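Participant: Before anything else, here's the structure in question.
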């Protein structure tokens with residue numbers, strides 16, 4: 001035996017050990033809400049009885065994304081976890097190469113199938129909102145990629161620009177995987193309509209938030225016709241700048257920001273709307289140097305920057321409330337997209353085939369939505385955690401599976417037993433809904 005620094009030895013064991021004991025709870029939740037039936041119903045089945053079912057292809061992929069995998073090759077970590085597989089009754093798992101071919105084979109049919117499954121799961125999410133007004137946040141994101149099918153994006157890098165629609169709590173109600181040369185302003189109205197089609201017929205959006213790519217007369221008219229309040233970032237075109245120059249009343253919003261508003265209209269728009277203007281005063285000096293200048297000298301260096309928000313909100317919402325509401329999209333949309341790309345590693349795409357990548361993206365959004373739903377099984381303080389935090393605190397706990405007296409037992413550290421019992425009780429209740 002080789003000499004070692006610390007006094008311990010290493011031996012092998014045939015016991016079924018897992019570093020993903022908490023992942024078993026997530027897998028149990030997926031089983032409890034009928035995910036297997038949904039996947040096998042809405043995705044094409046294999047042509048022979050010996051082929052892998054859609055669920056046998058997809059569930060390992062979902063588990064891989066939740067556990068922090070970075071590529072299809074990480075499927076082997078799920079495949080080698082015999083403890084996890086035995087408790088989740090995953091007898092067969094396709095190889096990474098087999099899953100890659102399956103993604104390319106299904107393509108567009110897979111994308112439509114995932115959309116139907118997400119719509120089924122949406123009904124569960126809506127029940128948790130307790131009649132909150134529905135807020136739709138839409139935004140595009142850039143995935144840099146050097147695949148052969150990638151095109152140059154508006155950020156001057158090759159890749160793809162998927163459009164994502166979130167509602168309350170971050171659930172992705174709809175997404176579209178787009179080529180990189182499609183600018184974010186294209187077909188925004190049709191995207192919003194597609195988001196609305198995912199809702200039950202008895203429900204509709206109360207608010208829509210978006211950046212300046214959605215500053216479009218057709219979208220404003222759609223919101224007016226459907227009694228939807230929009231707050232959309234505006235564009236500083238000549239018409240908007242002329243309106244700003246005529247404004248004389250400003251109210252302080254923060255130490256360096258003031259707010260004003262005026263009525264404004266656009267060519268081809270049916271109705272006028274409120275134009276909320278945030279004026280930010282910037283002194284281009286380092287903070288430590290301000291004491292070297294007089295007040296008059298500082299005033300001479302001040303530059304004014306403007307940001308505008310278009311809204312059809314009535315006077316019950318003040319300009320200050322509208323600005324605060326609009327800025328919440330930084331968390332509700334932009335941070336959620338970061339979670340999607342970084343937490344679930346959707347900045348990685350497995351194929352050079354466009355539709356294969358679109359299907360993979362759809363599975364990623366489904367995994368994200370399942371995470372949003374699964375967090376409802378956790379204590380309230382953990383329901384705002386990112387997937388990276390849940391991996392650290394729950395998913396990646398050590399466990400051992402044994403069979404004793406015809407009973408299968410998962411052994412974990414004693415301090416987590418109460419937590420597991422509580423979560424499993426909530427999962428059982430969710431299965432009855």
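The rows are residues; the columns are (1) under 20 Å from the mean Cα position of the chain (by Cα); (2) surrounded by fewer than 17 Cβ atoms within 10 Å (Cβ to Cβ); (3) in a helix (DSSP H, G or I); (4) modelled with pLDDT under 95.
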site	(1), (2), (3), (4)
62	yes, no, yes, no
78	no, no, yes, yes
86	no, no, yes, yes
92	no, yes, no, yes
97	no, yes, yes, yes
129	yes, yes, no, yes
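Participant: Within segment 253-260, does at least one residue satisfy the condition of being over 25 Å from residue 209 (Cα atoms), modelled with pLDDT under 85 and not in a strand (DSSP E or B)?
Facilitator: Applying the first criterion (over 25 Å from residue 209 (Cα atoms)) to segment 253-260 yields 255.
Then drop every residue that is not modelled with pLDDT under 85, which leaves 255.
Add one more test, that the residue is not in a strand (DSSP E or B), and what stays is 255.
Yes, that holds for at least one residue.
Participant: Could I ask something else about it? What's the number of the only condition in (1) surrounded by fewer than 22 Cβ atoms within 10 Å (Cβ to Cβ); (2) touching a helix residue (DSSP H, G or I) at 6+ places or on another chain (Cβ under 6 Å) that residue 24 fails to meet?
Facilitator: Result: residue 24 fails condition (1) only.
Participant: Is it true that residue 426 is in the same structural domain as residue 97 (by TED's automatic domain parsing) and modelled with pLDDT of 95 or more?
Facilitator: yes
Participant: Quick one: count up the residues across segment 105-114 that are surrounded by fewer than 19 Cβ atoms within 10 Å (Cβ to Cβ) and in a helix (DSSP H, G or I).
Facilitator: Within segment 105-114, residues that are surrounded by fewer than 19 Cβ atoms within 10 Å (Cβ to Cβ) and in a helix (DSSP H, G or I) number 4.
Participant: Give the residue, chosen from 368, 392, 307, that is without any contact (Cβ under 8 Å) to a residue 12 or more places away in the chain and either over 20 Å from the mean Cα position of the chain (by Cα) or not assigned by TED's automatic domain parsing to the domain that holds residue 134 (or both).
Facilitator: 392
Participant: Next up: Would you say residue 107 is under 23 Å from the mean Cα position of the chain (by Cα) and on the phi > 0 side of the Ramachandran plot?
Facilitator: So residue 107 fits the description; yes.
The values are calculated or read from the model by the stated rules, or taken from the named source; none is laboratory data. Please read all numbers here as calculations on a predicted model, not as lab measurements. When we count neighbours, we look across all protein chains shown, and the Cβ atoms used for this are built from the backbone with ideal geometry, even at glycine.
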